[in-house]
1. Tell me yes or no: at least one residue of the stretch 114-125 is in a helix (DSSP H, G or I) and either hydroxyl-bearing (Ser, Thr, Tyr) or farther than 26 Å from Gln4 by Cβ (or both).
2. For the stretch 80-96, which positions are in contact with an Asp or Glu (Cβ under 8 Å, 6 or more places away or on another chain), over 13 Å from Leu137 (Cβ atoms) and not in a loop (DSSP other than H, G, I, E, B)?
3. For Val168, are the conditions met, namely being among the β-branched types (Val, Ile, Thr), surrounded by fewer than 22 Cβ atoms within 10 Å (Cβ to Cβ) and modelled with pLDDT of 95 or more?
4. So which of Glu246, Glu197, Glu218 ends up being of a type in the set (Asp, Glu), surrounded by fewer than 21 Cβ atoms within 10 Å (Cβ to Cβ) and more than 17 Å from Gly41 (Cβ to Cβ)?
5. Taking Ile82 as the residue in question, decide whether it is surrounded by 18 or more Cβ atoms within 10 Å (Cβ to Cβ), within 22 Å of Val9 (Cβ to Cβ) and at pLDDT below 90.
6. Please go through the stretch 289-303 and pick out each residue that is without any contact (Cβ under 8 Å) to a residue 40 or more places away in the chain and buried (at least 19 other Cβ atoms within 10 Å of the Cβ).
7. Just the residues that are farther than 18 Å from Asp146 by Cβ and in contact (Cβ under 8 Å) with a residue 60 or more places away in the chain, please, taken from the stretch 98-130.
8. Check off (1) surrounded by fewer than 17 Cβ atoms within 10 Å (Cβ to Cβ); (2) touching a residue at least 24 places away in the same chain (Cβ under 8 Å) for Thr91 and give me the number that stays unchecked.
Amino acid sequence: MSAQSIYSVIYEGINSEGKLPKDFTLPFKKTFPNELKFMPGAKDGIGIFHFGAKSSEKVSKKIVKLLKSDCKKGSISSQNEIAELLNECGTLAVIDPILDSIRKEQKKFDIENLFDYACQFAFQSTDEELVKLGIGLLGLFDLSNDDKIIDKLLVLALYEEFTLYVIVAVLKYPNGNDIVFRIAQKVDGWGKIHAVERLEPTSDEIREWILRKGCANEIMDAYLGLECGNKGNLIGALRHGSIDDELFEGISVIIDALLDEGPVEGISVYEYAEEALRLYLQIASEHAVTITQFWRILNLQDWLINAQIAGRDELLKMCGNIINKESWREMILKILNSSDDERFFYAYDAAKRLNMDISELIFKAVKRNPVKRCGYLSIVYKNPEYANELTKIYEEILPLDEMATGMGDFIFAESLTEEHLCMVFVLEELKNYPKMGEKLVRTALKSPVIRERNGACIVMKEWCRILNQDLQTISPDLFSTLKKIVDIEVNADTKDNMRELLNITPE
């Protein structure tokens, strides 16, 4: 096995906070531009929450047989074959059947060798799926008093592709819940979701943390709203009424998460829904001071409009009393005038919902940072003058020659990712302005990213419709560019769009 194992790479990546940096990646597996890229833990997390974990009995039996054979020989000669099987179906699909089989047939395994293999897979491998299997195998042993192994598992748990596997393994230990609590405080994505879901509020410290810090995560707060509302005793905290700023923020996150029942159940099954909302709004009338807290009150108001809940009219009135304070509008304008941080989105969205005219402020913000603020083009491109000025800016600042690298089947750009994403947003708006931004459209046609080429075709088709002219009449240059690339276009749908623009009869 490689000396630079996954474990050692993670260990070396830990920062001063005992966490991994947000941009941390493992160097062992390259994701190609024509492949979907999942953030750590996403594939397993989505599978569990939205599709249900599916098992593969045939593969699990084969892996158990290989492990049994290797244990007898005292050699992990089947490691590559096991890794190949795991990568084909995913460890999540086979880990439980594998562990169940080993428990039932433990007398047929050399336990000492099995433990050694588990450690080698978990701590010395460069294959993510083998690491998962190794962690799972370690869960067969009571290692609660082995601080060295526990510390190593805690290191692996920091990388959120492995967090779930470590949690499941250590929960069997007598001190498992305390270990999960340690993990939960060091992860922010899918790992945190798995940790909080399995964490039990066995102490005031844990319960308080769940209430204050447990719900917010980088995936979607809604996954943890009900968990934190129940485990953190949300209603108890609201009834007590003694709320500091940090606690109010934590409660606000939980309330907002409960309202979003897209991924999981929330407010509709929360036992104290009406009372919790009423007490929350009473407290919010004095404690809500940030733009994100105001944004959550707007979310609650929107939810209440169509909700069937006791006291709805009174709750709506309480929302209105908070929302109608003039200071919120002043805060929104101040943020939109100067802020380049995450508050900008909340101010923008709040202003839209309050029907505030902010088009000039958004235009200025986009001009300040045209690439970063490209997600707001739909509002400013409604103004033809703004559209014309911004299009010229994009033609000047985007590295068009570097983006037009030629045909490809990329889902995402290999480099200049922000610039390529910006191009997608610009194309979406150019379709409403015939002949505007031809340089950008031509660049998109030469991009290796499929959706940019397809976006360029949509722009040109819309120009033809608006002007009631063919492409050759509207832009001989774009027509000529299209003729040169149509035969080498690799995406069937995009090629059909190109042929339609060139008036080529389908084959």
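The values are calculated or read from the model by the stated rules, or taken from the named source; none is laboratory data. Quantities reported herein were computed from a predicted structural model and do not represent experimental measurements. Here Cβ is always computed from backbone atoms with ideal geometry, including for glycine, and neighbour counts include all displayed protein chains.
1. Applying the first criterion (in a helix (DSSP H, G or I)) to the stretch 114-125 yields 114-124.
Those left that are additionally either hydroxyl-bearing (Ser, Thr, Tyr) or farther than 26 Å from Gln4 by Cβ (or both): 117.
Among the residues of the stretch 114-125, at least one is in a helix (DSSP H, G or I) and either hydroxyl-bearing (Ser, Thr, Tyr) or farther than 26 Å from Gln4 by Cβ (or both), which makes the answer yes.
2. Narrowing the stretch 80-96 to residues in contact with an Asp or Glu (Cβ under 8 Å, 6 or more places away or on another chain): 83, 86-87, 90-92.
Retained after the next criterion (residues that are over 13 Å from Leu137 (Cβ atoms)): 83, 87, 90, 92.
Hits for the stretch 80-96 are Ala83, Asn87, Leu92.
3. Values: among the β-branched types (Val, Ile, Thr): yes; surrounded by fewer than 22 Cβ atoms within 10 Å (Cβ to Cβ): yes; modelled with pLDDT of 95 or more: yes.
Here the answer is yes, as Val168 does meet what is asked.
4. On the way: Glu197 fails: more than 17 Å from Gly41 (Cβ to Cβ); Glu218 fails: more than 17 Å from Gly41 (Cβ to Cβ).
Only one candidate qualifies: Glu246.
5. Numbers: surrounded by 18 or more Cβ atoms within 10 Å (Cβ to Cβ): yes; within 22 Å of Val9 (Cβ to Cβ): yes; at pLDDT below 90: no.
No; evaluated as a whole, the condition is false for this residue.
6. Within the stretch 289-303, just Ile297 meets the criteria.
7. Of all residues in the stretch 98-130, those farther than 18 Å from Asp146 by Cβ come to 98-110, 125-130.
Of everything in the stretch 98-130, those that are farther than 18 Å from Asp146 by Cβ and in contact (Cβ under 8 Å) with a residue 60 or more places away in the chain turn out to be Ser125, Thr126, Asp127, Glu128.
8. (1)
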